[in-house]
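Below is one structure, written out as structure tokens; the observations come after it.
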Amino acid sequence: MSLFCRTLLCLSLILLSTASPLLAREPLPRNPSAIDIRQSEETLAERNRFSLLPYKQNYILPLAYNNRPENDAYPPDEANIDRLELKFQLSFKIPLVKGVLKGHGNLFAGYTQQSFWQAYNGDESSPFRETNYEPELYLDFPVEASLFGLRSRFVTLGLSHQSNGRSEPLSRSWNRVYALVAFERGNFYCALRPWLRIPESHSDDDNPDIDDYLGHGEAYALYLHNEHRLGLMLRNNLRSENRVGVLLDWSFPIKGKKLHGYLQLFHGYGESLIDYNQLNNRVGLGIIVSNWL
């Protein structure tokens with residue numbers, strides 16, 4: 001398959017995951033927040049049983065430069081890796097059960113796939129360097145509370161499996177239970193997502209020290225201004241041998257286009273599972289189809 005066809009296929013899958021039916025939207029509050037608008041759009045889309053709802057971000061970065069894509073884990077025949085590659089993420093969710101636990105929660109299945117594609121490495125037949133697959137099962141609960149002037153809207157409890165689907169010695173995977181609580185104030189949004197890794201037997205554990213690099217949670221922040229969105233993701237292992245993962249991104253309108261431009265910067269550990277214990281710096285530029293909000 002040619003490079004053009006592969007790129008077109010990736011973009012088509014991302015667009016498909018964000019499609020929604022053309023139905024009348026339910027009334028919104030007088031001054032709706034981004035969370036209100038997102039929830040209204042999801043309620044609208046749920047009326048069509050065949051629709052997929054966007055979950056996390058959906059984007060494609062045709063220009064994604066990594067200062068150190070090499071990894072000691074790769075065998076010699078896979079070590080010829082370009083620093084410039086194509087990165088994309090596909091993420092969607094499906095509502096399973098509405099009104100569980102006395103009508104207070106909703107059960108969802110989610111799926112996120114993040115790929116790092118050596119699209120310009122013709123000498124090596126343009127292989128996919130790494131792909132991470134993350135199916136999830138989670139419950140959403142509406143919450144109305146305030147903390148330091150921030151309004152809490154919902155709490156999520158979930159179960160996640162993440163792996164790269166490879167065999168030894170490149171296999172990486174882990175299972176987690178997590179909670180997520182989101183807050184808002186004006187155009188500012190933030191969330192905390194602590195997790196607990198589910199223990200595995202020593203013989204089955206491909207990455208026993210992953211907690212030393214990725215820690216036990218993430219924090220998110222998002223600021224909205226008109227059609228611009230500035231986001232931050234932060235991880236820290238909170239240990240004396242300190243290791244972080246920081247992702248800063250900016251989505252911006254493209255004149256005359258429905259899509260948005262997308263700039264992404266990453267520094268630290270854990271951008272992908274194969275790189276969880278390797279310090280990376282990346283800058284990527286492309287388009288984003290759907291954001292967190």
Could you give the spread of the C-alpha atoms of segment 65-142 along their three principal axes, from largest to smallest, in whole angstroms? 58, 22, 20
What full-extension length gain, to one decimal in nm, is calculated for residue 201 and residue 187 as 0.36 nm per residue of separation minus the Cα-Cα distance? 0.5 nm
Where nothing but the Cβ of Lys and Arg (+1) and of Asp and Glu (-1) is charged, how large is the charge dipole of segment 228-293 around its Cα centre, in debye to the nearest 20? 300
Summing Lys, Arg as +1 and Asp, Glu as -1, what charge do residues with Cβ under 11 Å from the Cβ of residue 105 carry, residue 105 excluded? +1
Excluding same-chain residues fewer than 8 positions from residue 102, which lysines have a Cα within less than 28 Å of its Cα? 56, 93
Two-decimal ratio, segment 125-228, of alpha-carbon radius of gyration to 2.2 N^0.38 Å: 1.36
Long-range amide H partners of residue 244 with built H, under 5 Å: 269
Computed for segment 129-236: size of charge dipole around the Cα centre, +1 on C-beta of each Lys and Arg, -1 on C-beta of each Asp and Glu, debye to nearest 20, value 520
Extension reserve of the residue 242-residue 98 stretch, reckoned as 0.36 nm per residue once the Cα distance is removed: 47.7 nm
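Throughout, read-outs are computed from the coordinates displayed, never taken from laboratory work. Everything numeric in this text was worked out from a predicted model, so none of it was measured. Virtual Cβ from ideal backbone geometry, glycine too; neighbours counted across all protein chains shown.
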